[in-house]
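The values are calculated or read from the model by the stated rules, or taken from the named source; none is laboratory data. Everything numeric here is computed off the predicted structure, so don't read it as measured data. So basically every Cβ, Gly included, is an ideal-geometry build from the backbone, and we count neighbours across all protein chains shown. Ligands, DNA and RNA are stripped out before the accessible areas are found, and what is left, the full protein with its side chains, is counted by its heavy atoms. Shrake-Rupley method; radii C 1.70, N 1.55, O 1.52, S 1.80 Å.
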Amino acid sequence: MPTSRKRKQQQQQQQQQSCNNNNESTDSEPFPSHRRPTHVECRYARDALLDFHGFPQEFVKYRTGNRAPPPNPNWVLESDDDLVETETVLDGLVSTLLSQNTTEVNARRAFVSLKSAFPNWEDVLAAELKCIESSIKCGGLAATKASCIKNLLTSLVKKKGKPCLEYLRDMTIDEVKQELCCFKGIGPKTEELVSCGGPEPRGHRVACVLMFHLHRDDFPVDTHVFRITKNLGWIPASSDRKKAYLHLNRRIPNDLKFDLNCLFVTHGKLCDSCTKKLNSKHSKTSCTQPCPLSTCIPITDSDDLT
């Protein structure tokens with residue numbers, strides 16, 4: 001019995017150390033001499049993409065809290081009561097988890113199927129693992145994702161007495177990162193959940209929850225964001241997604257992060273040639289119009305270079 005207790009204490013200490021190490025890594029700048037993007041570049045790209053696409057409909061429901069509306073009245077969508085956000089923080093985290101290594105459509109179907117089979121998270125927690133797997137099968141990697149969801153809910157009940165993450169709303173960004181990084185499959189060990197397509201950077205899911213569901217100024221780096229920013233020269237060619245996340249969050253102004261991230265994701269889905277070679281004169285979007293990012297984006301910004 002004493003041995004078991006000692007082993008448990010050692011595991012808890014190692015987990016906490018892992019959390020602390022991960023939290024410290026978010027404060028580092030991997031490319032201190034890379035002075036891009038400048039504030040001018042960020043605003044130019046945001047405005048060009050808003051002129052071209054408008055604000056993406058799928059992200060309108062997340063434009064809440066203290067986020068300022070786009071500066072051009074033509075970019076503001078009409079209000080729609082159906083777009084009012086009803087997702088909880090836990091809904092958002094599980095949705096992000098289900099989106100891994102699958103299409104957006106399949107991920108959404110998997111989440112709807114899960115909630116249809118189990119109306120609340122207590123039901124999911126009480127269900128057999130095989131039943132959870134069956135409900136999310138359409139999203140792929142069902143066994144791995146079901147296990148992660150079950151572990152998350154179990155940990156929350158042990159820690160907080162119920163499967164709920166609403167308490168994160170009262171935490172700072174660093175506190176949220178430190179809190180979520182300790183849940184297996186959510187924080188530092190995200191790579192363990194990936195069986196194909198390459199690993200996600202550590203904490204990518206946490207960044208998505210921060211930006212979309214907690215309305216904080218964070219800048220997740222998915223495949224589309226990574227490819228576009230690399231081709232724009234905003235990150236070095238040698239950068240990986242983890243370093244890109246650290247660098248871009250340092251360089252992109254907080255008031256532009258949400259709009260720019262949503263627009264890069266949308267543009268990356270519609271403009272395949274753009275993600276491959278942004279400066280090509282033949283770069284076209286899916287609607288055959290010239291890519292708005294193929295023009296020369298201003299690099300200099302006296303405020304940034306002083």
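Residues in segment 85-101 that are closer than 16 Å to residue 185 by Cβ and either small (Gly, Ala, Ser) or open to solvent by 30 Å² or more (accessible area, probe 1.4 Å) (or both) were compared, and the one that is farthest from the chain's Cα centre (by Cα) is 101. With respect to (1) part of a helix (DSSP H, G or I); (2) at pLDDT 90 or above; (3) open to solvent by less than 40 Å² (accessible area, probe 1.4 Å), the lone exception for residue 164 is condition (1).
Scanning segment 134-145 for residues that are part of a helix (DSSP H, G or I) and touching a Lys or Arg at 6+ places or on another chain (Cβ under 8 Å) gives 138, 139.
Scanning segment 219-237 for residues that are more than 18 Å from residue 267 (Cβ to Cβ) and at pLDDT below 95 turns up just one, 237. Residue 215 falls short on exactly one of the conditions (1) in contact with a Lys or Arg (Cβ under 8 Å, 6 or more places away or on another chain); (2) free of Cβ contacts under 8 Å to residues at least 60 places away in the same chain, and that condition is (2). Of 241, 205, all but one fail to be farther than 25 Å from residue 35 by Cα, among the charged types (D, E, K, R) and either at pLDDT 90 or above or open to solvent by less than 10 Å² (accessible area, probe 1.4 Å) (or both); the exception is 205. Can you tell me how many residues in segment 257-298 are touching a helix residue (DSSP H, G or I) at 6+ places or on another chain (Cβ under 9 Å), among the hydroxyl-bearing types (Ser, Thr, Tyr), modelled with pLDDT under 85 and part of a helix (DSSP H, G or I)? Going through segment 257-298 one residue at a time, the tally reaches 1.
Selection of segment 111-129 for residues being polar (S, T, N, Q) and surrounded by 14 or more Cβ atoms within 10 Å (Cβ to Cβ) yields only 113. From the list 110, 48, which one is in a helix (DSSP H, G or I) and at pLDDT 95 or above? Exactly one of 110, 48 is in a helix (DSSP H, G or I) and at pLDDT 95 or above, namely 110. The C-beta contact set for segment 24-36 (first residue at pLDDT below 95 and acidic (Asp, Glu), second residue open to solvent by 50 Å² or more (accessible area, probe 1.4 Å) and outside any loop (DSSP other than H, G, I, E, B), distance under 9 angstrom, 6+ apart or interchain) comprises 27/174; 29/250.
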